[in-house]
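So the structure is just underneath, and the comments pick up after that.
The values are calculated or read from the model by the stated rules, or taken from the named source; none is laboratory data. Since the model is a prediction, treat every value here as computed from it, not as a measurement. Here Cβ is always computed from backbone atoms with ideal geometry, including for glycine, and neighbour counts include all displayed protein chains. The accessibility values were calculated without ligands, DNA or RNA, using every heavy atom of the protein model including side chains. Shrake-Rupley method; radii C 1.70, N 1.55, O 1.52, S 1.80 Å.
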Amino acid sequence: MILFLYNVGLLLALVLGAPWWLWQMATTQKYRDGLRARLGGVPERFAERHLDADGGRSGSKRAIWIHAVSVGEVLAVSRLVAELDAGLPEYRVLISTTTRTGQRLARERFGVERVFYCPLDLPWAVAAYLKALQPAMLILAETEFWPNLLHGCFRRGIPVAVVNARISDRSWPRYLRLQRLWRPFLSRLTAVLAQSETDAERMRVLGCAPGQVTVSGNLKFDVRATKESEAVRLLTELRGGLELVVAGSTLEGEEPMLLAAWPAILAFEPNLAMVLAPRHPERFAAVAELLGRSGFPWRRRTALEKTGLAAGEIVLLDSIGELASVYSLASVAFVGGSLVAAGGHNPLEPAQFGVPVAMGEHYANFRGIVEAMLSRNALKIVQPAGLAGAITYLLSDERAATAMGERGRQVFEEQAGATARTVTALRAVLGEDLSRKSEA
């Protein structure tokens, strides 16, 4: 009954919202990208299947389907995908995303041939993909729950595992209000691997079977960014003797705060340049316009040439997937989404390189990570008015900054291991699934 009511509500929302959706598709490219695939048009590379007597693909591997919504989730599962590729060679790992930026990054990291847009949660679209892929297991990154997708897997006997599961403080009240909707679905999940005990308990309260929920840790502790990228090569070549402040994953409202603090920072330490990396690519143009009005010299990363950086210059990192490596060049890093009430972003990205980190007080989305770093004095929390002071402090006391950065690196290293625990749990799920099939 709950699924029926959900689908009725979904149909009504589609009908009533059709004019808005049609307008968005007509005017905005991101709403058109992958539309056929989202509606159930399975890409040709997955659609052609030749089934053998056991229901598998003749002469090929069974699929493990991982769904990672956007860039953050794609980054989080990157090492997991590599470990599954190496440890389960009898399976083919396929990855779906929801957003266009996530799709682009996933294709770069994992190859176009095994990446696709996740279908909308429409019964016929979900059924088309489950029929074509016939996955041995569906793996959901974090808490991307869709009733029709879950029901389709349960009906076909496909085990569903949730990895890196978390429910943020901001999302928790909303999940509680919809507890009656989620309980019938969450109670049938095969395995839930939570980031923390708080996340595990919240999953149990929402209806997950207690025996299926375990704490495996945060996969993002295991994501080790390479120091090599084209942006790193260019910036290393062009910066000369300048130090860099890297402000990453910034959201609307934060760039003006950083620009307001920039003169005071430069007055203290003129031998600086800043790399500014907005979180969302669709904001690159708006931030470029803001920089154009700021009076500071600036360039886009995609327009960097052989001319060296000038003191005080700002580089707009208008590329995808390079921020983590660019953090390795920073003398000080600011992690955005934290001066505004958006829940923050991952301070481990710079911490893994031993870079001292400052961020705002809004970090609910990464509470466990931030609290682990704060407990070791490996992170500086700042108010908007104190942004310039915090950055200049870290620039002024090299010994203290180096020590803070090293403590952050130690937190990163000590919390590692979530990937190995997750792979072990997923292997157990597949083993149980194969046992059931052999008994049938």
Listed residue (ALA128, MET404, VAL215) projecting farthest to the positive dipole end of the chain, Cβ model: ALA128
Which length gain, in nm to one decimal place, applies between GLN383 and LYS61 when the Cα-Cα distance is subtracted from 0.36 nm times their residue separation? 110.7 nm
Which residue fluctuates the most in the chain, going by a Gaussian network model with Cα springs under 10 Å, if the choices are GLY152, GLY211, GLY343? GLY211
Hey, for a label at ALA420 modelled as a point 7 Å past Cα toward Cβ, could you say which residues of the stretch 70-96 have their backbone N under 13 Å away? none
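Checking the a/c ratio against 1.5 first, then a/b against b/c, what shape does the Cα gyration tensor give for the stretch 152-219? Please report the intermediate quantities before stating the final value.
On the way: a/c = 1.97, a/b = 1.18, b/c = 1.67.
In terms of gyration-tensor shape, oblate.
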Please sort by residue number the GluC sites (Glu not before Pro) in the stretch 246-348 whose DSSP state is loop and whose Cβ has at most 16 other Cβ atoms within 10 Å. GLU252, GLU305
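Go through the stretch 165-271 and name the trypsin sites (Lys or Arg not before Pro) that are in a DSSP coil and have 10 or fewer other Cβ atoms within 10 Å of their Cβ.
On the way: sites: ARG166, ARG170, ARG174, ARG177, ARG180, ARG188, ARG202, ARG204, LYS220, ARG224, LYS227, ARG233, ARG239; in loops: ARG166, ARG170, ARG188, ARG224, LYS227, ARG239.
Sites meeting the loop and neighbour criteria: none at all.
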Taking a spot 7 Å from the Cα of ALA267 along the direction of its beta carbon, which residues of the stretch 219-248 have an amide N less than 20 Å from it? 245
Counting sequence-distant residues (5 or more places) and residues on other chains, those with an amide H built under 5 Å from that of VAL215 are ALA194
Note down the magnitude of the dipole of the chain about its Cα centre, charges +1 on Lys and Arg C-beta and -1 on Asp and Glu C-beta and zero elsewhere, to the nearest 20 debye. 1260
Between the modelled labels at ARG233 and LEU10 (7 Å from Cα along Cα→Cβ) the distance in nm is 4.5
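Suppose the chain between LEU3 and GLU44 were pulled fully straight at 0.36 nm per residue; how much longer would it get relative to their current alpha carbon spacing? Provide the component values of the computation, followed by the final result.
Details: separation 41, 0.36 × 41 = 14.76 nm, distance 2.99 nm.
That works out to 11.8 nm of additional length.
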Listed by chain and number, the residues whose amide H is under 5 Å from that of GLY354, excluding neighbours fewer than 5 places away on the same chain and using placed H, are ARG409
Could you give the size of the charge dipole of the stretch 177-327 about its Cα centre, using +1 on the Cβ of each K and R and -1 on the Cβ of each D and E, expressed in debye and rounded to the nearest 20? 720
For LYS306, the aspartates and glutamates lying under 12 Å Cα to Cα, once residues fewer than eight places off in the same chain are dropped, come out as GLU237
Would you mind working out the magnitude of the charge dipole of the stretch 198-285 relative to its Cα centre, with +1 at each Lys and Arg C-beta and -1 at each Asp and Glu C-beta, to the nearest 20 Debye? 280
Selected from LEU304, THR198, LEU258, residue furthest toward positive end of dipole (the stretch 172-321; charges at beta carbon): THR198
³J(HN,Hα), Karplus 6.51/-1.76/1.60, whole Hz, each residue of the stretch 327-344, x for Gly, Pro: 3, 5, 8, 6, 7, 9, 10, 10, 9, x, x, 10, 7, 10, 7, 10, x, x
Just flag the trypsin sites (Lys or Arg not before Pro) in the stretch 299-408 sitting in loop per DSSP whose Cβ has no more than 12 other Cβ atoms within 10 Å. LYS306
On full extension of the chain, what length is gained from LEU374 through ALA403, given 0.36 nm per residue of separation minus the C-alpha to C-alpha distance? 9.1 nm
Taking a crude spin-label model, label points 7 Å out from Cα along the C-beta direction, the ASP33 to ASP169 distance in nm is 3.3
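Just the number, please: percent antiparallel of the DSSP beta bridges in the chain, rounded to the nearest 5.
Numbers: 1 of 46 bridges.
In the chain, approximately 0 percent of DSSP beta bridges are antiparallel ones.
From the Cα gyration tensor of the stretch 339-421, with a ≥ b ≥ c the square roots of its eigenvalues, which class applies: rounded if a/c is under 1.5, or else prolate if a/b is larger than b/c, or else oblate?
Oblate shape, in that a/c is at least 1.5 and b/c is the bigger or equal ratio.
Which FRET efficiency, nearest 0.05, do GLU289 and ARG155 yield, Cβ-Cβ r, R0 60 Å?
Values: r = 50 Å, r/R0 = 0.84.
The formula returns an efficiency of 0.75 here.
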Global geometry of the stretch 260-361, whether rounded, prolate or oblate, following the gyration tensor of its Cα atoms and the 1.5 cut on a/c: rounded
How much accessible area per residue does the chain have, counting only protein heavy atoms and a probe of 1.4 Å, in square angstrom? 44
